[in-house]
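Written below as structure tokens is the structure these notes are about.
The values are calculated or read from the model by the stated rules, or taken from the named source; none is laboratory data. Here the structure is a predicted model, which means the values were calculated and not measured. Glycine gets a Cβ as well: all are built from the backbone with ideal geometry, and neighbour counts include every protein chain shown.
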């Protein structure tokens, strides 16, 4: 439908990895809790689907940025818990710096006062 704003925001490539790494910074968490944390923290603007979350977690694990181990969740279900590795913490810091640069560049462009005029 034309003119209708989407109810959710599509994530830029690589942004999901950054969000997952940041979510795991305080400590281990299972997939469902990671998705819920991202949703709650973004005030329901970002909703991570299972089909995106688990491939991202597996990719991060292959890169050595997260590790996993089986445990029991709050509701007594078997769950795989993910946690940051040392290299994952370094990657998070690097990605955070890049995100700050990108968002500052986009903000500068959006606030440039050129009103869409071409140079």
query = residue 67 passes all but one of (1) farther than 15 Å from residue 19 by Cα; (2) within 14 Å of the chain's Cα centre (by Cα); which number fails?
reply = (2)
Matching residues, segment 77-92, being loosely packed, with under 10 Cβ neighbours inside 10 Å and farther than 21 Å from residue 32 by Cα = 86
request  = Residues being part of a strand (DSSP E or B) and at pLDDT below 95: count how many of those fall in segment 52-70.
outcome  = 0
query = Does residue 74 fit the bill of being touching a helix residue (DSSP H, G or I) at 6+ places or on another chain (Cβ under 9 Å) and closer than 15 Å to residue 19 by Cα?
reply = no
request  = Quick one: in segment 33-51, of everything that is out of contact with any helix residue (DSSP H, G or I) (no Cβ under 9 Å at 6 or more places or on another chain) and outside any loop (DSSP other than H, G, I, E, B), which residue is nearest to residue 74 (Cα to Cα)?
outcome  = 36
query = Can you find a residue in segment 75-82 that is part of a helix (DSSP H, G or I), modelled with pLDDT of 95 or more, more than 15 Å from the chain's Cα centre (by Cα) and on the phi < 0 side of the Ramachandran plot?
reply = no
request  = Among residues belonging to segment 61-76 that are in contact with a strand residue (DSSP E or B) (Cβ under 9 Å, 6 or more places away or on another chain) and farther than 13 Å from residue 29 by Cβ, point out the one that is surrounded by the most Cβ atoms within 10 Å (Cβ to Cβ).
outcome  = 65
